[in-house]
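The values are calculated or read from the model by the stated rules, or taken from the named source; none is laboratory data. Being a predicted model, the structure only gives us computed values, none of them experimental. Cβ atoms come from the backbone with ideal geometry, glycine included; neighbour counts cover every protein chain shown.
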């Protein structure tokens, strides 16, 4: 996913998805008017560590409970967790984060629910049966980001915005599904 982001940033690709809005990305990317979808961030954790589950805690509650979070460097939560004073361990890849969680080297791994379920199985196999997740603690819109440096990107974004607007106006009849 990071490769697609970098290739889109320099204009090799016209667009990449799905990404949350970050103001600092506006220098290199254009966001369409309409989001692609909603993203639900959850806490993944070992079932034996939290046998009664884990509610969607605030970052302040993570700190007060002295819970250790593992996450991928430069993801949205790194700055926020550090600012909140949460014990945060940075890794380079999602696979490393899943392995740290599996081997009790962290209490929580933050990921969106869909990617997390897929990645967990991919990286942990049957050991994913030992992992559970919280209810969403954050839901945000995600976007296709279009490159400011690709000659086709602006036209593609206009097509996206026009098409998604027509879909939302026409409703879910058989022609639009």
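List the helices (runs of 4 or more DSSP H) inside the range 1-119, counting only whole elements, that have at least 1 residues being over 17 Å from the mean Cα position of the chain (by Cα), at negative phi and assigned by TED's automatic domain parsing to the domain that holds residue 157.
Result: 2-9.
Do we have residue 85 as touching a residue at least 24 places away in the same chain (Cβ under 8 Å), in contact with a helix residue (DSSP H, G or I) (Cβ under 7 Å, 6 or more places away or on another chain) and over 21 Å from residue 151 (Cα atoms) here?
no
Of all residues in the range 138-159, how many are touching a strand residue (DSSP E or B) at 6+ places or on another chain (Cβ under 8 Å) and either in a strand (DSSP E or B) or surrounded by fewer than 18 Cβ atoms within 10 Å (Cβ to Cβ) (or both)?
So the count comes out to 13.
Could we say that residue 154 is modelled with pLDDT under 90 and closer than 23 Å to residue 33 by Cα here?
Judged against the criteria, residue 154 is not a match.
So which residues in the range 123-161 are free of Cβ contacts under 8 Å to residues at least 24 places away in the same chain and not assigned by TED's automatic domain parsing to the domain that holds residue 7, if there are any at all?
125, 126, 128, 129
Restricting to the range 27-55, give me the number of residues that are farther than 18 Å from residue 97 by Cα, surrounded by fewer than 16 Cβ atoms within 10 Å (Cβ to Cβ) and touching a strand residue (DSSP E or B) at 6+ places or on another chain (Cβ under 7 Å).
Of the residues in the range 27-55, 3 are farther than 18 Å from residue 97 by Cα, surrounded by fewer than 16 Cβ atoms within 10 Å (Cβ to Cβ) and touching a strand residue (DSSP E or B) at 6+ places or on another chain (Cβ under 7 Å).
When you check residue 163 against the structure, is it under 16 Å from the mean Cα position of the chain (by Cα) and either exposed (fewer than 14 other Cβ atoms within 10 Å of the Cβ) or farther than 22 Å from residue 8 by Cβ (or both), yes or no?
Taking the combined requirement at face value, the residue does not satisfy it.
Let me spell it out: the conditions are (1) at pLDDT below 95; (2) touching a helix residue (DSSP H, G or I) at 6+ places or on another chain (Cβ under 7 Å), and residue 42 meets all of them except one. Which number is the exception?
It is condition (1) that residue 42 fails.
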